[in-house]
Each structure stands twice: as structure tokens, then as C-alpha cells.
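Engineer: Below are the C-alpha cells for one structure; questions will follow.
The values are calculated or read from the model by the stated rules, or taken from the named source; none is laboratory data. Just so it is clear, the model here is predicted, and its values are computed rather than measured. Reconstructed Cβ throughout: ideal geometry from the backbone, glycine too, with neighbour counts over all protein chains shown.
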Amino acid sequence: MPKTFTRLETKGVKAIFAVSPELCKGCGLCIEKCPSQVLDWSTRIGIYGTPIVEPKRMERCTGCMLCQYFCPDAAIDVIREAKKKMPLQPLLEKEEAGGDRSK
């Protein structure tokens, strides 16, 4: 039977940060590599008896996923929010209304 892990999720503006306490050994690589200084030590203890990480400044998170890439235990997941695309139709209508300006 497959093992399921707990995920502690924190939602930010650009991404959702999720950490699994059963996998985090508290090495701190994610804290060190985060360019926006989002992560810090938690008061929660992980499986190895060490503090796990948690996002303390989630408003700074850009969703770069470096913490996920550098985590040696795959304890971190970063789910980026989809970018809102501007619809093309209003742009095309604007160009048509303006006419050909090359003349």
C-alpha cells in the first residue's frame, strides 16, 4: 500500500508553498537558496527531530521554485498560479478601429 504524506500548504499571491513534515529533514538548503528570503525555521518538529521549514514571508514569494529544486528529499512542492492572459479580441478590435497608420 502506498504511503501518503501530510502537506502543509500556504497560499501566496504567485504560488502555493507546500512542505511535507514527514520528508523534511531540516537541512536548510531551501532557506539558503531562496532569493526572496521567504522561508525560515518552523516551531514544528519534523520526522528527524529537527525543525522543518515554513514560509514566514509568503508575500515575497515569486514562485521561482528554487526551494523545490534544491530540496534533497522532495519535501517541498511549489504550485505556481496561472498567469492571467489578456484576451486578444479587444486588441484586434482596437487596431481595426485605428485603421492603417502607415499611410
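Engineer: Condition first: surrounded by 14 or more Cβ atoms within 10 Å (Cβ to Cβ), farther than 15 Å from ALA75 by Cβ and hydroxyl-bearing (Ser, Thr, Tyr). Now tell me which residues in region 33-53 satisfy that.
Structural biologist: Matches in region 33-53: SER36 only.
Engineer: Within region 25-69, can you find the residues that are touching a residue at least 40 places away in the same chain (Cβ under 8 Å), under 13 Å from the mean Cα position of the chain (by Cα) and more than 14 Å from ALA15 (Cβ to Cβ)?
Structural biologist: The one that is touching a residue at least 40 places away in the same chain (Cβ under 8 Å), under 13 Å from the mean Cα position of the chain (by Cα) and more than 14 Å from ALA15 (Cβ to Cβ): GLU54.
Engineer: Any residue at all in region 13-21 that is at pLDDT below 95, assigned to a loop (DSSP other than H, G, I, E, B) and surrounded by 17 or more Cβ atoms within 10 Å (Cβ to Cβ)?
Structural biologist: yes
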